[in-house]
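Here is the structure we will look at.
The values are calculated or read from the model by the stated rules, or taken from the named source; none is laboratory data. A quick note: this is a predicted structure, and the numbers were derived from the prediction, not measured. Here the Cβ is made from the backbone with ideal geometry for all residues, glycine too, and neighbour counts use every protein chain on show. The accessibility values were calculated without ligands, DNA or RNA, using every heavy atom of the protein model including side chains. Shrake-Rupley method; radii C 1.70, N 1.55, O 1.52, S 1.80 Å.
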Amino acid sequence: MSKRIDVKNLNIYYGDFQAVADVTMAIEPRTVTAFIGPSGCGKSTFLRTLNRMHEVIPGARVEGDVLIDGQNVYGRNVDPVDVRRQVGMVFQRPNPFPTMSIKENVLAGVRLNSKRISSKAADELAERALRGANLWNEVKDRLDKPGSGLSGGQQQRLCIARAIAISPEVILMDEPCSALDPISTLAIEDLVNDLKADYTVVIVTHNMQQAARVSDKTGFFNLKETGQPGRLVEYDTTRTIFSNPAERATEDYISGRFG
């Protein structure tokens, strides 16, 4: 199920402004890859190019290739909706649909993809996705209650269940814990660790301790000055990045001497 991602010479633009320059990297299947770096360095923008979510912003375009198991997601006849089905996304703030029940929130993506699904199959899929997001035991007795009634951490796991339900191969997470308390953050981190058994997981985080705890590999993004494009400065195993980085800029950022 899990897929390898190869990015080659990727440049990202919003109109005439170049946001990210010349990123090349390989992301292995069944791993967690973390992107770290200061605000505005392009890491979230880069993350969104992996499932073509950045295209919802007018004027956004890319040059270069993003290959998932050898297939270019920017190929001429590739439907972005199919890409997003394969590459799920969890956003910074939990965003359950407020008028939908917990169960219908989980099934929203499946129904959006116009799949007809029997009541029994829907029940089984909702349970499987909620178990996968480590939320089932907390909500199984109130599946028909609004998703917006859950705590912040539960809402974020509900959004992860919604992403799992469409059977993606890759799950992208854009600062999934930034709005959460420490206990909820720990629950999400434990879940990320579990998810890599079945998925390729890519996470953007401002929390360097989190990157060190959850990821197998880490990419450090930076920009030379405001208005310049962000660049991938260094990409290596997380152990190497945090204990013996090759670049001075990486070491300065991790040790707090940055800026």
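Things worth noting here:
- Of the residues screened, Lys140 is one that is more than 11 Å from Asn105 (Cβ to Cβ) and surrounded by fewer than 19 Cβ atoms within 10 Å (Cβ to Cβ).
- Among the residues of this structure, Arg30 does not count as one that is on the phi > 0 side of the Ramachandran plot and under 13 Å from the mean Cα position of the chain (by Cα).
- Within segment 145-160, not a single residue is closer than 29 Å to Tyr13 by Cα, in contact (Cβ under 8 Å) with a residue 12 or more places away in the chain, part of a strand (DSSP E or B) and open to solvent by less than 10 Å² (accessible area, probe 1.4 Å).
- Selected residue (only one of Ala165, Ala179 is touching a residue at least 40 places away in the same chain (Cβ under 8 Å), open to solvent by less than 10 Å² (accessible area, probe 1.4 Å) and in contact with a Gly (Cβ under 7 Å, 6 or more places away or on another chain)): Ala165
- Which numbered condition Val233 misses (of (1) at pLDDT 95 or above; (2) closer than 30 Å to Asp16 by Cβ; (3) within 14 Å of the chain's Cα centre (by Cα); (4) not small (Gly, Ala, Ser)): (3)
- Any hit, segment 6-27, residues being among the small types (Gly, Ala, Ser) and farther than 30 Å from Ile241 by Cα: yes
- Unmet criterion (only one of (1) open to solvent by 40 Å² or more (accessible area, probe 1.4 Å); (2) without any contact (Cβ under 8 Å) to a residue 40 or more places away in the chain; (3) in a helix (DSSP H, G or I)) for Asp252: (1)
- Matching entry among Ile164, Ile171 (being among the hydrophobic types (A, V, I, L, M, F, W, C), modelled with pLDDT under 95 and under 17 Å from the mean Cα position of the chain (by Cα)): Ile164
- Residue check, Pro98 loosely packed, with under 14 Cβ neighbours inside 10 Å, touching a residue at least 12 places away in the same chain (Cβ under 8 Å), over 17 Å from the mean Cα position of the chain (by Cα) and closer than 30 Å to Asp181 by Cβ: yes
- Residue list for segment 42-56, restricted to those being open to solvent by less than 60 Å² (accessible area, probe 1.4 Å) and of a type in the set (Val, Ile, Thr): Thr45, Thr49
- Residues that are outside any loop (DSSP other than H, G, I, E, B) and open to solvent by 60 Å² or more (accessible area, probe 1.4 Å) do occur in segment 22-41, at least one of them.
- One residue from Asn95, Asn105, Asn51 being assigned to a helix (DSSP H, G or I) and either over 27 Å from Glu189 (Cβ atoms) or in contact with a helix residue (DSSP H, G or I) (Cβ under 8 Å, 6 or more places away or on another chain) (or both): Asn105
- Checking segment 235-244 against the condition returns no match, with no residue being in contact with a Cys (Cβ under 8 Å, 6 or more places away or on another chain) and crowded, with 19+ Cβ neighbours inside 10 Å.
- Sole exception among (1) closer than 30 Å to Glu124 by Cβ; (2) exposed (fewer than 14 other Cβ atoms within 10 Å of the Cβ); (3) free of Cβ contacts under 8 Å to residues at least 60 places away in the same chain for Ala197, by number: (3)
- Restricting attention to segment 123-137, the residues that are part of a helix (DSSP H, G or I) and either at positive phi or buried (at least 18 other Cβ atoms within 10 Å of the Cβ) (or both) total 5.
- Count of segment 57-82 residues which are open to solvent by 50 Å² or more (accessible area, probe 1.4 Å), in contact (Cβ under 8 Å) with a residue 12 or more places away in the chain, in a strand (DSSP E or B) and not acidic (Asp, Glu): 1
- Annotation: of all residues in segment 101-117 being modelled with pLDDT under 90 and small (Gly, Ala, Ser), the one that is most open to solvent (accessible area, probe 1.4 Å) is Ser114.
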